[in-house]
Amino acid sequence: MPKTEATPARPSLLLLDGHSLAYRAFYALKEANLVTTDGQHTEAVYGFTSMLVNVLRDERPSHVAVCFDRSEPTFRHTEYAEYKANRTETPEDFRGQVSLIFEVLDTLRIPRLSLAGFEADDLIATLATRGSAEGMSVLIVTGDRDALQLVDDNVTVLMTRRGISDMTRFTPDAVMEKYELTPAQYPDFAAIRGDSSDNLKNIPGVGEKTAAKWIREFGSLEELVNRVDEVKGKVGDKLREHLGQVMMNRRLTELKRDVPLDVEPASLTMGQFDREGIHKLLDSLQIRGELRERLFKTLGSAEPEVEDAFEVELAMPGPDEVAGWLAAMPAGRAGLAFRGSYGSGTGRIDAIAIAPPGGTAAYLDPTRLTQADEAALREWLGDEAREKAVHDAKGPMLALWAQGMELRGLSCDTALAAYLATPGQRTFELDDLAVRYLKRELRSEAEAGGQGSLFDTDGEAEARDLALRAQAVRELAEGLEEFLSTRGGTHLLGEVELPLVTVLAEMERTGICTDREYLAGLESEFGAAVKQAVEEAHRVVGEQFNLGSPKQLQTILFDKLGLPKTKKIKTGYTTDADALAWLAGQTEHELPTILLRHRDQTKLRTTVEGLIKEIGDDGRIHTTFNQIIAATGRLSSEKPNLQNIPIRTAEGRRIRQGFVVGEGFETLLTADYSQIELRIMAHLSGDESLIAAFESGHDFHQATAARVFDIPPEQVGGDLRAKIKAMNYGLAYGLSDFGLSGQLNIPVAEARALKDEYFEEFGGVREFLQAIVAQARKDGYTETILGRRRYLPDLTSDNRQRREMAERMALNAPIQGSAADIIKVAMLNVRRALAAEGLRSRMLLQVHDELVFEVAPGELDALRALAIREMGSAYSLRVPLEVSVGVGRTWEDAGH
DNA sequence: CACCTAACGTA
DNA sequence: CGTACGTTAGGTGT
């Protein structure tokens, strides 16, 4: 098809007054009372965004900017101290929404501008004047009538009318029709009329009617002043009396068209908007429904770069053709995509697509391979020298293993790479990544209608889809690697996360052995205790109710029994363990105690139940370790979660006795880092006193307490040690005075004093924690010792709650994340050493600072030494990395 | 049936 | 008003 050259449309510049519109939106939607479950109001951000999307949809501007006021005083305040002095304080619910609007605009890649000393209006006037001079048609959207002075043949104003959906379009004719004044006359008229919102005084007895009449009669304010004596009557006297005020009003109303703004209208283009970011933002604001759809529909069609999809030539080698195809495949890294299902340490592959460089991809159905095909495929997949890129490789790896095939030569995992690029994301779907990093759409042909149609008898659409995915993975791997290389993530990906995939897969495949009968016995024991607690509770209250329902519990506790109220939560008053313990102490009633026991026992029972359900045919539990979930870099464990098995109470520890050494092995061994996060703090802060406390050889909490209170370590009592222990641990979480006071049951003032005393001794720690946050605010992200980043845009939020939350995340992320880095490196080194020493012992679990091993007969001493050596040397800190080891038949016995 | 909340286990 | 997770049960809305 011949390309036709479209007539270039005249460039159009859309300028919005951010504050003015946000404020109008806020009041327009006030009745709706839009608020998220954590108390963030969203009327302004919702209304503003909705209006913005509508204007973009209806006007289709080529250029756009949103201008904002600043908190600094402007030249108008210098001229007139009382300027806007009568403004009522910003409503509480409005505060913080402006920064959310900033986030929306940034995510949509819409430029936003502000300049100290000037109002949004002045920026708009300046840009409108410049844009108009450059031949653009300008559209201004605002709720401020002063903007009418800017209207001319090139400049139109859209003024909000009550609400936000209703707008009036002011051309010169429309201004004339409404006010019987020209746009140029409007500020003259406004100066006489005054403006109560800006605290510009009017002339007593002179309203809009008289003001307009004078300007029409004299043509302009200047002329009126020149011939002011011609104005007759009492109003004339008043005018002469207030002439000074009027002239000042006129100067203040005049919008500045020459603000020193270092932005050219032509540069105000819309960038490629962040699709995932918008989803995330709208999710966090709990905005659902049509706005999201309208937004994507409007902005989606303005995404020319995304229009081209991936393309691939499909090869479907038939029986005995696979070996030939693989042999003839172009050199270079191939992208692989798998269809199948994975989990619990195993999996099944239904189809494989291989996309080498060159644009032709093969689709293989494993059930249709001849022996020769299979051998060739096994050879290729297991060849370290044939580079491969896979998206989320651990599942396919497990599935291939289940079929006796290896997956080697993995040089990129696009899911891991994307995780390192932006670890905060909830998901890393291939389709989203393709759009984000390659600006390409990964469309499904099967879903597009091929499936089940007459032309799809052999599932060709599905084959094509998988081939496209393989192709996308191959291209995405290049894109993401390049992206990461600019952010220092290459080492972390290539040397840590990527090799860890295989280690985790091995751990999942191995699983941990359980004693099914023992756990079943435990379940019925806990079950009986639950039943008893339920009966007691019903008897004490005198009626039947569901102890597991916080709602019913509230009714019983606070309405029926009239017990004192606890802390307020969204749905009433909390019935959590702290509150129940408090109630037990406050009242004579025995119910809270019974409820506490019920909670305990229920939790234990359901934990055991969950475990039993996950025991495989081999008597072992195969958890899944997730490598791309935690924003800090930690692993997580699911189905079941083996990282939260009880340990604190004796009752809970009984569950750990259900995890036992497997047949053919000698014992379980656990190895954990002691106080790794505190050691990282000592290392990163360089605080000499804290470092010395670690080197002292004394119990760490005891040693720090001794230093804080300046007494010998031997004299540190249990109480003092407990206080300092709480401090030590709280630091890395951004613990507040309030939080510390609550935890130690002491007054806030005392907690603050304790903190001050602590920092008196460990000043370097305080400086370090403050420096982390300051640095993060400047950079927008934090970094671990291996360069793992965490982005925290909320650090500059003007919503206090969000900002302080981000600050705590900022000081925790490098500490928790560095600990995660270290144990990941340790796992790799342990794995390598096991192989190097030819040991059969194997790693089963990772619980953040602990590794659990199954020891092969005769290897106990060797493994113990290996674990201590490899974990202790994983990273060189300014303090030693101490590792403690426990051994026993069960996980509980192997604990410390 | 899908989703949210409260509660609670771990590091 | 302490970070990071996953699971469960109850309750609500589609």
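Some points to look at:
- Evaluating residue A:682 against the criteria (1) among the small types (Gly, Ala, Ser); (2) within 16 Å of DNA strand C (Cβ to nearest atom); (3) under 30 Å from residue A:492 (Cα atoms) leaves one unmet condition, (2).
One line per residue, one yes/no per condition, for (1) touching a residue at least 40 places away in the same chain (Cβ under 8 Å); (2) buried (at least 21 other Cβ atoms within 10 Å of the Cβ):
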| site | (1), (2) |
| --- | --- |
| A:795 | no, yes |
| A:798 | yes, no |
| A:817 | yes, yes |
| A:824 | yes, yes |
| A:827 | yes, yes |
| A:839 | no, no |
| A:848 | yes, no |
| A:853 | yes, yes |
| A:887 | yes, no |
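- Just so you know, in segment A:243-302 the residues that are among the acidic types (Asp, Glu) and within 21 Å of residue A:113 (Cα to Cα) include one that is most open to solvent (accessible area, probe 1.4 Å), and it is A:262.
- Of the criteria (1) under 29 Å from residue A:654 (Cβ atoms); (2) over 29 Å from the mean Cα position of the chain (by Cα), which one residue A:637 fails: (2)
- Within segment A:198-220, the set of residues being without any contact (Cβ under 8 Å) to a residue 40 or more places away in the chain, touching a Gly at 6+ places or on another chain (Cβ under 9 Å) and open to solvent by less than 60 Å² (accessible area, probe 1.4 Å) comprises A:206, A:211.
- Selection status of residue A:404, in a loop (DSSP other than H, G, I, E, B), in the same structural domain as residue A:318 (by TED's automatic domain parsing) and not hydroxyl-bearing (Ser, Thr, Tyr): yes
Every residue, every condition in (1) open to solvent by less than 20 Å² (accessible area, probe 1.4 Å); (2) modelled with pLDDT of 95 or more; (3) part of a loop (DSSP other than H, G, I, E, B); (4) more than 20 Å from residue A:850 (Cα to Cα), yes or no:
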| site | (1), (2), (3), (4) |
| --- | --- |
| A:629 | no, no, yes, no |
| A:637 | yes, no, no, no |
| A:641 | no, no, yes, no |
| A:648 | no, no, yes, no |
| A:653 | no, no, no, no |
| A:662 | yes, yes, yes, no |
| A:668 | yes, yes, no, no |
| A:689 | yes, yes, no, yes |
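- Any hit, segment A:33-45, residues being out of contact with any Asp or Glu (no Cβ under 7 Å at 6 or more places or on another chain), among the charged types (D, E, K, R) and within 16 Å of DNA strand C (Cβ to nearest atom): yes
- Residue identified as within 11 Å of DNA strand C (Cβ to nearest atom) and of a type in the set (Val, Ile, Thr) among A:785, A:815, A:772: A:815
- Of all residues making up segment A:733-755, the number that are open to solvent by 20 Å² or more (accessible area, probe 1.4 Å) and within 16 Å of DNA strand B (Cβ to nearest atom): 6
- Lone unmet requirement of (1) within 16 Å of DNA strand B (Cβ to nearest atom); (2) modelled with pLDDT of 95 or more for residue A:674: (2)
- Number of residues in segment A:631-658 that are over 22 Å from residue A:423 (Cα atoms) and either within 13 Å of DNA strand B (Cβ to nearest atom) or in the same structural domain as residue A:781 (by TED's automatic domain parsing) (or both) equals 15.
- Only one of A:508, A:536, A:523 that is of a type outside the set (A, V, I, L, M), surrounded by 13 or more Cβ atoms within 10 Å (Cβ to Cβ), within 32 Å of the chain's Cα centre (by Cα) and outside any loop (DSSP other than H, G, I, E, B): A:508
- Subset of segment A:567-614 [of a type in the set (S, T, N, Q), in a loop (DSSP other than H, G, I, E, B) and more than 11 Å from DNA strand B (Cβ to nearest atom)]: A:587
- Under the condition of being open to solvent by 10 Å² or more (accessible area, probe 1.4 Å) and among the hydroxyl-bearing types (Ser, Thr, Tyr), the residues counted in segment A:691-730 number 2.
- Whichever residue in segment A:762-807 is within 16 Å of DNA strand B (Cβ to nearest atom) and over 14 Å from the mean Cα position of the chain (by Cα) and, among such residues, is farthest from residue A:706 (Cα to Cα): A:801
- Out of A:810, A:865, one residue alone is buried (at least 18 other Cβ atoms within 10 Å of the Cβ) and free of Cβ contacts under 8 Å to residues at least 40 places away in the same chain. It is A:810.
- Residue within segment A:393-404 that is touching a Leu at 6+ places or on another chain (Cβ under 9 Å), within 14 Å of residue A:477 (Cβ to Cβ) and of a type outside the set (Ser, Thr, Tyr) present: yes
- Residues (touching a residue at least 40 places away in the same chain (Cβ under 8 Å), in a helix (DSSP H, G or I) and more than 19 Å from residue A:361 (Cβ to Cβ)) located in segment A:469-487: A:480, A:481, A:483, A:484
- Residues of segment A:573-603 that are buried (at least 19 other Cβ atoms within 10 Å of the Cβ), within 20 Å of residue A:529 (Cβ to Cβ) and touching a Pro at 6+ places or on another chain (Cβ under 9 Å): A:575, A:580.
- Residue count for segment A:547-566, restricted to those that are touching a Phe, Trp or Tyr at 6+ places or on another chain (Cβ under 7 Å) and either assigned to a loop (DSSP other than H, G, I, E, B) or within 12 Å of DNA strand B (Cβ to nearest atom) (or both): 5.
The values are calculated or read from the model by the stated rules, or taken from the named source; none is laboratory data. Everything numeric in this text was worked out from a predicted model, so none of it was measured. Note: ideal-geometry Cβ built from the backbone for every residue, glycine included; neighbour counts use all protein chains shown. For accessibility, only protein heavy atoms count, side chains too; no ligands or nucleic acids. Shrake-Rupley method; radii C 1.70, N 1.55, O 1.52, S 1.80 Å.
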